[in-house]
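Novice: Below: one structure in structure tokens.
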Amino acid sequence: MSPLIISVLATLFIILGGVTVFIMLEMTGRTRDHTGKTGRSLAGSLTWIRVHKILGYLFLSLFTLMLVFMIRKVAGFQEELTARAVFHIVLALILIPLVVIKVLVVRRHPQLSTKLPMLGIAIFTLSFGLTGITAGYYVLHRSNLTYTTLSALDNDVLDLELGKAIMNRKCSKCHSLERVYRAYKSEAGWAGTINKMALLDSPNITTFDVKQVLNYLIEQQKKRQKKSGVSLEKEIGKTLVSRKCSVCHDLDRVFGAGKNRQEWTATVSRMADTMGDPGFLSDQEKSDIITFLSGRETEQ
Ligand code: HEC
Ligand code: HEC
């Protein structure tokens, strides 16, 4: 279930609940008007009772459907639940007995029917809270699922210290920071990687975080490069080789071989074929590796 579908279902859920409660209030509120005047009242109108009933059952079906999704999702959770998730589950569970009691009263205990409006309002209020913390949350964070890059407009908010702090905190959740520091990438390459990470950890890594970390890593890389005096292309090629070409054999095998550009092109293609996974090396990565390996002999 994508967050978008859930948001749409949840919005439909409260609209249905809201309209149902509105009709109920219109019917009961006006019948008990002490002047005895009913005016444009909906009271007694069989049509409205029927509409109320149909909407009520639609509401009930939607609730059941979402409950099933929720239980399936919670059952699949590996980590501890967040406070938001726990609150959401508790609200949903409280709704179950309220809805069951409401249906029971309507069907079997008409003498208690004066209590129905209060029950209806309670159910609607809880549903509203339930929806607010899911649909609302995703609507607010939806913009974070778009691809983020740096633009000139960001210069005012970018801050290296902040970028470093965010990176230390958020990028060490699933792997070591060493993995981040060891990589060399072009600006587009970093944008690609960090956006991918943000998607993996959505909505924990926000657009703001992506920009700060991206800025920090690019600047950090420039500084390292100035210190080492090695061109960025070479560093990119070198980290790619040590990451990708050590999967099946020692890097000695790679660095020990003397080949010209044409021969490296053939070898790298052959290695990629051996791996058999089209996602193993992109065309850009292949060309970075080939440039690095064939430039090595002449420059050293
Ligand atoms: C939700 C877990 C998670 C978080 C949080 C996370 N990563 Fe990753 N990261 C992964 C996984 C899984 C891989 C290996 C899969 C891959 O290479 O695509 C990976 C691989 C990487 C790599 C090596 C692969 C490459 O493309 O160069 C880098 C660099 C990286 N992450 C940087 C970051 C940065 C920077 C952040 C913080 C913005 C971050 N990661 C946050 C899960 C995460
Ligand atoms: C899927 C496993 C695998 C990966 C990944 C891999 N290799 Fe190899 N490599 C092999 C095997 C198997 C051999 C020995 C058989 C052969 O030469 O085809 C080999 C041999 C070599 C040789 C010696 C033979 C020759 O043609 O000179 C070189 C050099 C080499 N690999 C370079 C690389 C480079 C560069 C990369 C990274 C782009 C890489 N390998 C990635 C499996 C791999």
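The values are calculated or read from the model by the stated rules, or taken from the named source; none is laboratory data. Small disclaimer: the values here were computed from a predicted structure and weren't measured. Cβ atoms come from the backbone with ideal geometry, glycine included; neighbour counts cover every protein chain shown.
Novice: Could you list, in sequence order, all residues of segment 98-113 that are out of contact with any Leu (no Cβ under 9 Å at 6 or more places or on another chain) and under 19 Å from F22 (Cβ atoms)?
Specialist: S113, the sole residue that qualifies.
Novice: Can you confirm whether I236 is within 16 Å of ligand 2 (Cβ to nearest atom) and under 28 Å from V157 (Cβ atoms)?
Specialist: Working: within 16 Å of ligand 2 (Cβ to nearest atom): yes; under 28 Å from V157 (Cβ atoms): yes.
Spelling it out, I236 is indeed within 16 Å of ligand 2 (Cβ to nearest atom) and under 28 Å from V157 (Cβ atoms).
Novice: Continuing with the same structure: Cβ-Cβ distance below 6 Å, separation of 6 or more or different chains: which pairs start in segment 164-178 with a residue that is part of a loop (DSSP other than H, G, I, E, B) and end on one that is more than 16 Å from ligand 2 (Cβ to nearest atom)?
Specialist: Cβ pairs passing all conditions: C171/V180.
Novice: Please go through segment 221-261 and pick out each residue that is of a type in the set (K, R) and closer than 18 Å to E178 by Cβ.
Specialist: Step one: list which residues in segment 221-261 are of a type in the set (K, R), which gives 222-224, 226-227, 234, 238, 243-244, 253, 259, 261.
Those that are of a type in the set (K, R) and closer than 18 Å to E178 by Cβ: K223, R224, K238, R243, K244.
Novice: Being within 17 Å of S151 (Cα to Cα) and modelled with pLDDT of 90 or more is the filter here; which residues of segment 193-209 pass it? Quick ask: steps written out before the conclusion?
Specialist: Step one: list which residues in segment 193-209 are within 17 Å of S151 (Cα to Cα), which gives 194-195, 206-209.
If the condition is that a residue be within 17 Å of S151 (Cα to Cα) and modelled with pLDDT of 90 or more, then I194, N195, D209 are the ones that fit.
Novice: Kindly establish whether A122 is at pLDDT 90 or above, farther than 23 Å from I218 by Cβ and surrounded by 14 or more Cβ atoms within 10 Å (Cβ to Cβ).
Specialist: yes
Novice: Would you confirm, using the coordinates I've provided, whether S186 is outside the structural domain of K286 (by TED's automatic domain parsing) and in contact (Cβ under 8 Å) with a residue 40 or more places away in the chain? Steps first, answer last, please.
Specialist: Values: outside the structural domain of K286 (by TED's automatic domain parsing): yes; in contact (Cβ under 8 Å) with a residue 40 or more places away in the chain: yes.
So S186 fits the description; yes.
Novice: Name every residue in segment 197-209 that is under 23 Å from S176 (Cβ atoms) and either crowded, with 19+ Cβ neighbours inside 10 Å or in contact with a helix residue (DSSP H, G or I) (Cβ under 9 Å, 6 or more places away or on another chain) (or both), in order of residue number. Outline the logic, then answer.
Specialist: Within segment 197-209, the first condition is being under 23 Å from S176 (Cβ atoms), and the residues that meet it are 197-202, 204-206, 209.
Result: M197, A198, L199, D201, S202, N204, I205, T206, D209.
Novice: Would a scan of segment 280-292 turn up a residue that is assigned to a helix (DSSP H, G or I), in contact with an Asp or Glu (Cβ under 9 Å, 6 or more places away or on another chain) and surrounded by fewer than 16 Cβ atoms within 10 Å (Cβ to Cβ)? Spell out the reasoning first.
Specialist: Filtering segment 280-292 down to residues assigned to a helix (DSSP H, G or I) leaves 283-292.
Now drop any that are not in contact with an Asp or Glu (Cβ under 9 Å, 6 or more places away or on another chain), which leaves 288, 291-292.
Still in the list and also surrounded by fewer than 16 Cβ atoms within 10 Å (Cβ to Cβ): none.
Within segment 280-292, none of the residues are assigned to a helix (DSSP H, G or I), in contact with an Asp or Glu (Cβ under 9 Å, 6 or more places away or on another chain) and surrounded by fewer than 16 Cβ atoms within 10 Å (Cβ to Cβ).
Novice: Determine which member of the set Q220, Q212 is part of a helix (DSSP H, G or I), surrounded by 19 or more Cβ atoms within 10 Å (Cβ to Cβ) and modelled with pLDDT of 90 or more.
Specialist: Details: Q220 fails: surrounded by 19 or more Cβ atoms within 10 Å (Cβ to Cβ).
On inspection, the qualifying residue turns out to be Q212.
Novice: Scan segment 260-300 residue by residue and report those that are aromatic (F, W, Y) and more than 31 Å from the chain's Cα centre (by Cα). Before you say what the answer is, go through the steps one by one.
Specialist: Kept after step one, since they are aromatic (F, W, Y), are these residues of segment 260-300: 264, 280, 292.
Once the filter is applied, which keeps residues that are aromatic (F, W, Y) and more than 31 Å from the chain's Cα centre (by Cα), segment 260-300 yields W264, F292.
Novice: Follow-up question, since we're still on this one. For segment 111-124, does any single residue satisfy the condition of being outside any helix (DSSP H, G or I) and either under 22 Å from the mean Cα position of the chain (by Cα) or under 25 Å from M27 (Cα atoms) (or both)?
Specialist: Pass one, segment 111-124, residues outside any helix (DSSP H, G or I): none.
No: segment 111-124 contains no residue that is outside any helix (DSSP H, G or I) and either under 22 Å from the mean Cα position of the chain (by Cα) or under 25 Å from M27 (Cα atoms) (or both).
Novice: Would you check which residues across segment 216-265 are among the small types (G, A, S), in contact with a helix residue (DSSP H, G or I) (Cβ under 7 Å, 6 or more places away or on another chain) and within 16 Å of ligand 1 (Cβ to nearest atom) and list them? Break it down into steps so the answer makes sense when it comes.
Specialist: Going residue by residue through segment 216-265, those that are among the small types (G, A, S) are 228-229, 231, 237, 242, 246, 256-258.
Subsequent filtering for residues that are in contact with a helix residue (DSSP H, G or I) (Cβ under 7 Å, 6 or more places away or on another chain) retains 237, 242, 258.
Listed by number, the residues that qualify are G237, S242.
Novice: Given the criteria part of a helix (DSSP H, G or I) and more than 9 Å from ligand 2 (Cβ to nearest atom), does I205 qualify? Break it down stepwise before answering.
Specialist: On the way: part of a helix (DSSP H, G or I): no; more than 9 Å from ligand 2 (Cβ to nearest atom): yes.
So I205 does not fit the description; no.
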